[in-house]
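The values are calculated or read from the model by the stated rules, or taken from the named source; none is laboratory data. Everything numeric in this text was worked out from a predicted model, so none of it was measured. So basically every Cβ, Gly included, is an ideal-geometry build from the backbone, and we count neighbours across all protein chains shown. The protein model used for the area step is the full one, side chains on, heavy atoms only, and it has no ligands, DNA or RNA in it. Shrake-Rupley method; radii C 1.70, N 1.55, O 1.52, S 1.80 Å.
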There are 6 protein chains.
Amino acid sequence: MSVVVRNPPRAEHAVVDAFAECGVATVHEAQGRTGLLAPRLRPIYAGAHISGTAVTVSVPPGDNWMIHVAVEQCRDGDVLVVAPTSRSEAGYFGELLATALAARGVRGLVIDAGCRDVAELTRMGFPVWAACVSAMGTVKETLGSVNVPIVCAGQYIEPGDVVVADDDGVVVVRRTEAAQVLAASRSRDERERALRTRYANGELSLDVSDMRDRLAQQGIRYVDHPDQ
Amino acid sequence: MSVVVRNPPRAEHAVVDAFAECGVATVHEAQGRTGLLAPRLRPIYAGAHISGTAVTVSVPPGDNWMIHVAVEQCRDGDVLVVAPTSRSEAGYFGELLATALAARGVRGLVIDAGCRDVAELTRMGFPVWAACVSAMGTVKETLGSVNVPIVCAGQYIEPGDVVVADDDGVVVVRRTEAAQVLAASRSRDERERALRTRYANGELSLDVSDMRDRLAQQGIRYVDHPDQ
Amino acid sequence: MSVVVRNPPRAEHAVVDAFAECGVATVHEAQGRTGLLAPRLRPIYAGAHISGTAVTVSVPPGDNWMIHVAVEQCRDGDVLVVAPTSRSEAGYFGELLATALAARGVRGLVIDAGCRDVAELTRMGFPVWAACVSAMGTVKETLGSVNVPIVCAGQYIEPGDVVVADDDGVVVVRRTEAAQVLAASRSRDERERALRTRYANGELSLDVSDMRDRLAQQGIRYVDHPDQ
Amino acid sequence: MSVVVRNPPRAEHAVVDAFAECGVATVHEAQGRTGLLAPRLRPIYAGAHISGTAVTVSVPPGDNWMIHVAVEQCRDGDVLVVAPTSRSEAGYFGELLATALAARGVRGLVIDAGCRDVAELTRMGFPVWAACVSAMGTVKETLGSVNVPIVCAGQYIEPGDVVVADDDGVVVVRRTEAAQVLAASRSRDERERALRTRYANGELSLDVSDMRDRLAQQGIRYVDHPDQ
Amino acid sequence: MSVVVRNPPRAEHAVVDAFAECGVATVHEAQGRTGLLAPRLRPIYAGAHISGTAVTVSVPPGDNWMIHVAVEQCRDGDVLVVAPTSRSEAGYFGELLATALAARGVRGLVIDAGCRDVAELTRMGFPVWAACVSAMGTVKETLGSVNVPIVCAGQYIEPGDVVVADDDGVVVVRRTEAAQVLAASRSRDERERALRTRYANGELSLDVSDMRDRLAQQGIRYVDHPDQ
Amino acid sequence: MSVVVRNPPRAEHAVVDAFAECGVATVHEAQGRTGLLAPRLRPIYAGAHISGTAVTVSVPPGDNWMIHVAVEQCRDGDVLVVAPTSRSEAGYFGELLATALAARGVRGLVIDAGCRDVAELTRMGFPVWAACVSAMGTVKETLGSVNVPIVCAGQYIEPGDVVVADDDGVVVVRRTEAAQVLAASRSRDERERALRTRYANGELSLDVSDMRDRLAQQGIRYVDHPDQ
């Protein structure tokens, strides 16, 4: 059942790179509030913001052998995305694997399990989004698969899909929808920039977005506090 | 069932502001170890320490419409306190709402749910204590209430109550007890300052606080290790 | 049932101190992937890395009296290790106790419960690994024990054992095995240094560690993506 | 800070008893989807369904002394409602306390902590809704309060309020709203009975409740599967 | 983004029905230890064991409107499979919807969220596997989708796939692999029957499955206890 | 590092068997509120109550090979106690292993991980206390140890110790203290029987156990409700 798929099609480079300027929340909204990985995935240090193409890895619990196999399948601009077949708190990934990935131009790791060597990874500037930090070692005994569709932290991800990650979490964009979602994300960013200026000037979203009528229809009731 | 209460009485400004010099742990102890919100609420960045008067918001799961409504009810010195009616990991709050609140002098947000745009909020210096970081979007479909009593992270909070928050968590002080709790907090701070000096000099709490007799009465037994 | 054991034998100073240069993950691997405390224990600030000899404390839920008793049993080079007899989120430990411990040369605290005053502890540079941050106060009513064997975050720990803690978590080394585990940790560090250089140069662990044959034996299958 | 309030007003007997025929889900809906305790509270055995007036108890973590105090304040038709001041997994309650409560006509226990002797409680037919089953013992060292307002599993409860509990969980009804909520619950039950018959006959809620137009307005789109 | 797909192809009836004799653990093993939904899904009563074809529903948090829409798409032999787009503890499903589904021959519900009316569902014999029991009501405001691929409790599920559920949990089998997995499950059952007889007679798996040599190769060491 | 210890000394048969009449809560109290395993361990069916001598097994995450090895070391009157070296939700144990154990007179299983085939185990009457029910399969690739001291669900357990388990959970009694704890448990049971009779007759623990004076000393205050 173990397979390593070589050279899956990847989303187009220019599009992928442009996503690095879009926040995860924006992308998630721009594609209709879909694609967000579960919030248990947290960055190991603040301030990282990446986009890249997914190399997917399905691993057994407590066994990181397939991550070693996956390194060879990675290229410049990829993000490694790892999901164990059952919940694991083991530390599958550390400085050595990060060194190997960085040497190939990989931009970061997304893993629904544990990560270790976080001080070294922070020093290296190799960002990781993980379910926990754990020094617990793994074995190299059982196979898994590379570049097959996986479910990671509740989202279905195919190799070559776009992964965007920042301090808010991780979102996946289908490879074939990347250009369109990028455009929608940019429009959204522009709209928000305009709103931000108006809000900073003291305007209310109730007025800016014309909510008062609909609130009234839904039955909102304003009363003064009796002790006033 | 939806209501927005305007102008609830708030704790007195001078008292509220003075709480910003008291740690959450101190205030909690000073009022008899009460009022502490559950420790699942964590600051999105380290080092913030605020006090303010609560504007309370009861929201449906995954729906942030009432936060938009609440902005209008906020004034200088307030803290927004938001509780969903059932557990939610959605990201109810981000940079735009923070911009609107900051423009009105609101000092921060306490929310028993998710928050997003944490990089931007950190840059703005708008502090948030949240149950999780989550980019998950919300809808604007169902009403809730503003400035009604709520339960947030296990504590009953009324509009106008004092909220104090720092790296240790969040504590609420009843509006009518604020002056008295402030005085008790300050006494406690003084006592602790004195203790700190004595401890730094190598004195033991066993002696400083006269614990040895009571320990003996309770049956404490000291023995030397057999391998010594 | 309450007992305070004085002067348990401690691991040798030179060995203990040398562990401060070994990462937790390395030590854990070097002793055969054992001794790691559960990953729910997290440092209250990033960047601390300590080793020391365990002074163990068994405490009731929500009661920190025995920590006060334990201070007197601590000496230069110790690490305090505290486990409640049932799961507790109380904040057993804060700035005052840290001041008293620091005055005796204690290097840090490991506690399977809550810690408070984290801003002050960070300023002091007194590192704590805790299950949560919580301002929840404790009482001083019920005895426990000091320097007896305890289970902390899933690991059996005896007084005098070596405790190593860094950003990856906490590991315990049996007192009697400390020298041997130190040697194994150092060898491992050297091997990893060599590997790091090779990986940074683009070599693959598949080749460096000769994995290809065993992968083939286990039935790994490489295929090209059909859309290629 | 410890107080025991004697003889708080209780909701009217006839109304309270009539609630025993209303399911928790029904009551919760009938009062506008409010009042439900967090679903971590589960019955220790299936099939119990009670209503009663709340005697509230605020207890320290791991200390059940105040439950002993509360027994004396209970009368026929009451339900004991217990909340620890911080999260606890201790087993506060067992067969002996149940015997004492049953002798006074108390109908059950709601506790946001642990319960033990569940085999005996099941045999006795004394129902308990608890956050966990735990044999962990408690001490009798620290006071709490009886018949003060508490927050239990996320809901604010006053002594004398109505508590309804069944296999779905626990709901609280304000004492002063009990009659009105009872009436609303009964109407709801009737409506549901009618619906049940229609659904059993194969009618669809889409038609029975006229949802098709609103679905269309919201943009629902029906398509046939391409492989059909 | 909301769509309802009509008449997706379903796995063949005879194959689907035959799975009802295979345990979830067996099916999961027979397809290479894949397809198992996360163990947080538990049956609301013991003893149910079903197989059926998936009608999938993607729902917003706290909103069960699309389940009403999905009923119409169900037929005899189906199992409804529901996943919220973000974690929710709401009680999406109760007796009324079960009545409507049962009238159409639906065999059960799998939901990664809450279920209510469990006493009534147990009486009706309508089995549900849910993440929790919760009376928390839902709204009918926001659309989702029916019969699109979803991720439910960590597994990717397409409409028409086979779902098998028993006291051990829930497993999904790809529609196109159903016949082959059924055959493998049956072989496995036979092998296990043979093993059971041998084990009942006191034989050891070490001998029956010839493990002793491989254990020795891996370095297992047998020693007598010193105190013997 | 893998070792199988043969024939560890076991607690005396007569004493072990007598514990089957003592509840877990009683034993835990009788030995000073110690020895209780974490409440996440729950029985897979209600009503089982066993005592036996521990055969301990340390297993890797997701690997049940050592349980097969352990079977051979079990004898009549034993209880198998299994702990993974890191948190695992895999289903390590099912009907086949239970058949093998039952054939050797083993009385049950305690495992800080998952169990499967719960319907069959219930039918067989082979009781299991587990952290979860999970059909997730395991591999047989990595060694562990049998009959070495382990930590299981937070408690240190040595082979030959007494394990008592019922609907309230699991408690361990040191082999060398078994007779003395049994005597203390029986006294406690007698005292409780006497108390039960008095409570059933309406007496209060406040009087029976003379608590009123100590409550008064601690400052308890009784007040009548103002609305009375």
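Apart from one condition, F:Gly125 fits all of (1) open to solvent by 30 Å² or more (accessible area, probe 1.4 Å); (2) on the phi > 0 side of the Ramachandran plot; (3) touching a Ser or Thr at 6+ places or on another chain (Cβ under 7 Å); the exception is (3).
Only residues that are of a type in the set (Val, Ile, Thr) and within 12 Å of chain C (Cβ to nearest Cβ) were counted in the range B:14-49, giving 4.
Please work out if B:Ala11 is more than 7 Å from every other protein chain (Cβ to nearest Cβ) and open to solvent by 20 Å² or more (accessible area, probe 1.4 Å). No.
Flag set for D:Val151, criterion: in contact (Cβ under 8 Å) with a residue 60 or more places away in the chain, touching a Gly at 6+ places or on another chain (Cβ under 8 Å), β-branched (Val, Ile, Thr) and open to solvent by 20 Å² or more (accessible area, probe 1.4 Å).
Within the range F:50-62, does at least one residue satisfy the condition of being more than 7 Å from every other protein chain (Cβ to nearest Cβ) and under 20 Å from F:Ala119 (Cα atoms)? Yes, the range F:50-62 contains at least one residue that is more than 7 Å from every other protein chain (Cβ to nearest Cβ) and under 20 Å from F:Ala119 (Cα atoms).
In the range E:124-145, the condition of being more than 18 Å from F:Val133 (Cβ to Cβ) and assigned to a helix (DSSP H, G or I) is met by at least one residue. Being free of Cβ contacts under 8 Å to residues at least 60 places away in the same chain and of a type in the set (Asp, Glu) holds for only one residue in C:Glu141, C:Glu177, C:Glu203, C:Glu158, and it is C:Glu203. Checked across the range F:136-148, the condition of being out of contact with any Asp or Glu (no Cβ under 8 Å at 6 or more places or on another chain) and either open to solvent by 40 Å² or more (accessible area, probe 1.4 Å) or closer than 13 Å to F:Leu37 by Cα (or both) holds for no residue.
Are any of the residues in the range A:75-87 in contact with a His (Cβ under 7 Å, 6 or more places away or on another chain) and touching a residue at least 60 places away in the same chain (Cβ under 8 Å)? Yes, because at least one residue in the range A:75-87 is in contact with a His (Cβ under 7 Å, 6 or more places away or on another chain) and touching a residue at least 60 places away in the same chain (Cβ under 8 Å). Close Cβ contacts (under 9 Å, 6 or more residues apart or on different chains) running from residues in the range C:96-124 that are farther than 24 Å from B:Asp189 by Cβ to residues that are assigned to a helix (DSSP H, G or I) and open to solvent by 30 Å² or more (accessible area, probe 1.4 Å) comprise C:Arg107/C:Ala20. The one condition from (1) more than 14 Å from chain B (Cβ to nearest Cβ); (2) in contact with a helix residue (DSSP H, G or I) (Cβ under 9 Å, 6 or more places away or on another chain) that E:Arg193 does not meet is (2).
Just wondering, is there one or more residues in the range A:144-160 that are within 14 Å of chain F (Cβ to nearest Cβ) and either in contact with a strand residue (DSSP E or B) (Cβ under 8 Å, 6 or more places away or on another chain) or not aromatic (Phe, Trp, Tyr) (or both)? Yes.
Annotation note: Cβ proximity below 9 Å between a residue of the range C:12-40 that is under 20 Å from C:Val128 (Cβ atoms) and a residue that is part of a helix (DSSP H, G or I) and aromatic (Phe, Trp, Tyr) (sequence gap 6+ or interchain) occurs for C:Val27/C:Phe19.
Residue by residue, here is whether (1) surrounded by 20 or more Cβ atoms within 10 Å (Cβ to Cβ); (2) of a type in the set (A, V, I, L, M) holds:
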site: C:Cys132; (1), (2): yes, no
site: C:Ile157; (1), (2): yes, yes
site: C:Asp167; (1), (2): yes, no
site: C:Glu177; (1), (2): no, no
site: C:Arg186; (1), (2): no, no
site: C:Gly202; (1), (2): no, no
site: C:Arg212; (1), (2): no, no
site: C:Arg221; (1), (2): no, no
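When only residues in the range F:64-119 that are in a loop (DSSP other than H, G, I, E, B) and within 25 Å of E:Val27 (Cβ to Cβ) count, which is most open to solvent (accessible area, probe 1.4 Å)? Out of the qualifying residues, it is F:Glu89. Residues in the range B:74-96 that are more than 8 Å from chain A (Cβ to nearest Cβ), under 18 Å from B:Lys140 (Cα atoms) and not small (Gly, Ala, Ser): B:Val82, B:Pro84, B:Thr85, B:Arg87, B:Tyr92, B:Phe93. Taken over the range F:97-141, the criterion of being within 14 Å of chain A (Cβ to nearest Cβ) and β-branched (Val, Ile, Thr) is satisfied by F:Val133, F:Thr138, F:Val139. For the range B:24-48, the candidate set comprises residues that are closer than 24 Å to B:Pro8 by Cα and either of a type in the set (Phe, Trp, Tyr) or assigned to a loop (DSSP other than H, G, I, E, B) (or both); within that set, the residue that is most open to solvent (accessible area, probe 1.4 Å) is B:Thr34. When the range E:153-207 is filtered for residues that are of a type in the set (Val, Ile, Thr) and touching a His at 6+ places or on another chain (Cβ under 9 Å), the ones remaining, listed by number, are E:Val164, E:Val171.
Per the listing A:Val181, A:Val172, A:Val163, A:Val148, the residue uniquely closer than 30 Å to C:Val223 by Cβ and in a loop (DSSP other than H, G, I, E, B) is A:Val148. All of (1) open to solvent by 80 Å² or more (accessible area, probe 1.4 Å); (2) at the interface with chain C (Cβ under 7 Å from one of its Cβ atoms) hold for B:Gln217 with one exception: (2).
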